[in-house]
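Report on one structure; see the data block that follows.
Laboratory data are not the source of any read-out in this text; all were calculated from the coordinates shown. Just so you know, these numbers come straight off a predicted model, no measurement behind them. Glycine also receives a Cβ, built like all others from the backbone with ideal geometry; neighbour counts cover every protein chain displayed.
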Amino acid sequence: MLTRSLPSAGPPLTMNDPVLDCSALLALLLREPGAEKVEAVLPNACMSSVNAAEALAKMTEWGITLENAQNTVSGLGIEIVNFDIEQAALSAGLRKQTRHVGLSLGDRACLALALHRNAPTMTTDKAWLRLDGTGLPDIICIRGVSS
């Protein structure tokens with residue numbers, strides 16, 4: 001597992017309240033590498049409604065009905081947090097800082113929720129680790145490189 005930790009003005013971050021990126025949820029559902037890391041934090045994980053929408057859309061592309069996709073995600077116990085104006089502003093503010101690594105609106109929504117909650121993020125996207133960490137939450141890439 002790759003982690004980029006940054007100095008924080010607040011108390012140290014713990015792994016019991018991570019914000020999941022869509023890619024982390026999909027890795028769990030497909031039992032891809034890193035799935036066990038996501039599964040370990042499920043009792044306390046949360047996700048932006050933007051990332052939940054991405055996951056549901058992907059699941060329907062796999063041929064799962066929308067109702068079954070919703071039931072699957074709901075059954076995991078992940079708190080789905082509505083994307084509000086504060087998170088929208090945080091996400092918009094991250095655009096310039098994240099553009100060079102190609103982060104999408106969904107990626108920035110995940111980071112915005114993590115900033116809002118002072119929580120780490122979990123993703124499969126190693127590109128996130130190339131971000132200039134100033135003002136960003138801890139980023140945990142669940143697909144680490146073997147040493």
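What net charge do the residues around Met59 carry, taking every other residue with its C-beta under 15 Å from that of Met59, with Lys and Arg at +1 and Asp and Glu at -1?
Summing Lys/Arg as +1 and Asp/Glu as -1 gives -2.
Which ordering of Glu67, Glu39, Glu79 is given by a fewest-first count of other beta-carbon atoms within 10 Å?
Values: Glu67 8, Glu39 14, Glu79 11.
Final ranking by Cβ density, sparse to dense: Glu67, Glu79, Glu39.
List the lysines whose alpha-carbon lies under 26 Å from that of Lys37, not counting same-chain residues fewer than 8 positions away?
Lys58, Lys126
What is the sum of charges around Ile78, taking Lys and Arg as +1, Asp and Glu as -1, for the other residues whose C-beta is under 13 Å from the C-beta of Ile78?
Working: positive: none; negative: Asp17, Asp21, Glu39, Glu79.
Surrounding charge for Ile78 is -4.
Shape verdict for region 46-138, please, from the Cα gyration tensor: rounded (a/c under 1.5), prolate (a/b greater than b/c) or oblate.
Working: a/c = 2.13, a/b = 1.72, b/c = 1.23.
Prolate, since a/c reaches 1.5 and a/b exceeds b/c.
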